[in-house]
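K.L.:
I have a structure here, written as structure tokens, and I will follow up with some questions on it.
The values are calculated or read from the model by the stated rules, or taken from the named source; none is laboratory data. Just so we're clear, the structure is a prediction, and the values are computed from it rather than from any experiment. Note that each Cβ is placed from the backbone with ideal geometry, even for glycine, and that neighbours are counted across all protein chains shown. We work out accessible area using only protein heavy atoms, side chains counted, and drop any ligands, DNA or RNA first. Shrake-Rupley method; radii C 1.70, N 1.55, O 1.52, S 1.80 Å.
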Amino acid sequence: MKFAIIAAGEGSRLVQEGVALPKPLVDLDGRPMIRRLIDIFLACDAEEISVIVNEHMTEVRRYLEGLDLPVPLHLTVKTTPSSMHSFYEVSRRFSPGKFILTTVDTVFREEDFAAYARAFAADTEADGMMAVTPYVDDEKPLYVVTDADMRITGFLDSMAPGVKYISGGIYGLTDRALPVLESCFEKGVSRMRNYQRALVDAGLRLKAYPIEKIVDVDHASDIAVAREFIKS
């Protein structure tokens, strides 16, 4: 399995709130959050890891370049206008096969992610498997519509009757998803949620995989929440 991390944001809110370190280097459990993700991926038998950071994050770039990992680390340094553009850039480094992509500030329990990665690796039918959660910890959550078999049938910007989950920011996809990404890029689509809608519109089979709790680190106060969540 291949894994990828989007870490190209500027973390401006954390800076404004007095956090000196770049977001990917913030310590959550004795490790920078980006190293925690890398270690989790390695424990899930990662074949290779791709990361994108923006051009201004020289400290993060140097940190990643200094890592000695047992698998290839493909580093892209580029400032992009959105997470979907970051995904497009990092996807150009992928070799064929399944991959799992997450943003650097998505925090989950290691055992939950490992179970999700195993489920996606074993699945022989879906074109993608998205981690979803009933726990709402996002300022602008993306609600995920599912049928009785947990197949994803739509994505909504607001709550609707019968919708139980929001997107967890963890995207497991196959090669079939990349031509849709290329098409979205060419059309000027600029948000991951609209790309996910395009996957459904293109007829790809997307499954939802529930994880009890996933948190995001967007504000300084979220750091303590994430640390406590990991410890618990």
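K.L.:
Can you show me the helix-derived [θ] at 222 nm for the chain, built from DSSP H runs with n ≥ 4 at -39,500 (n - 2.57) apiece and divided by the number of residues, rounded to the nearest 500.
P.N.:
The per-residue figure over the chain is -10000 deg cm²/dmol.
K.L.:
What net charge do the residues around K78 carry, taking every other residue with its C-beta under 9 Å from that of K78, with Lys and Arg at +1 and Asp and Glu at -1?
P.N.:
Surrounding charge for K78 is -2.
K.L.:
Summing +1 for each Lys or Arg and -1 for each Asp or Glu, what net charge is found among the other residues whose Cβ lies under 9 Å from the Cβ of S167?
P.N.:
Once all neighbours under 9 Å are counted, the net charge is 0.
K.L.:
Could you check how much of the accessible area of the range 15-146 is carbon and sulfur, as a whole percent, using a 1.4 Å probe?
P.N.:
47 percent
K.L.:
Something else about it: Simple spin-label model, 7 Å along Cα-to-Cβ: V163 to A220 in nm?
P.N.:
Those two pseudo-labels are separated by 3.3 nm.
K.L.:
Let me ask you something else. In Å², what does the accessible area per residue of the chain work out to with a 1.4 Å probe?
P.N.:
45 Å²
K.L.:
How do 164-175, 206-217 rank on mean C-beta neighbours within 10 Å, highest first?
P.N.:
164-175, 206-217
K.L.:
Calculate one ³J(HN,Hα) per residue across the range 85-95 by plugging θ = phi - 60° into the Karplus curve 6.51 cos²θ - 1.76 cosθ + 1.60, and present them in order as whole Hz with x for glycine and proline.
P.N.:
Those phi angles translate into 5, 5, 4, 4, 5, 6, 5, 6, 9, 6, 8 Hz.
K.L.:
Please state the shape class of the chain: rounded when a/c is under 1.5, otherwise prolate if a/b exceeds b/c and oblate if not, all from the C-alpha gyration tensor.
P.N.:
rounded
K.L.:
For I230, what charge total do you get from the other residues with a beta carbon under 9 Å from its beta carbon, if Lys and Arg give +1 and Asp and Glu give -1?
P.N.:
+1
K.L.:
If you don't mind, there's one more thing I want to ask. Using Cα pairs closer than 8 Å and at least 6 residues apart in sequence, work out the relative contact order for the chain, in percent.
P.N.:
Computed value for the chain: 25 percent relative contact order.
K.L.:
Now for a different question. Name the residues whose placed amide hydrogens come within less than 5 Å of the amide hydrogen of I170, ignoring near sequence neighbours (fewer than 5 apart) on the same chain.
P.N.:
Under 5 Å from the amide H of I170: A131.
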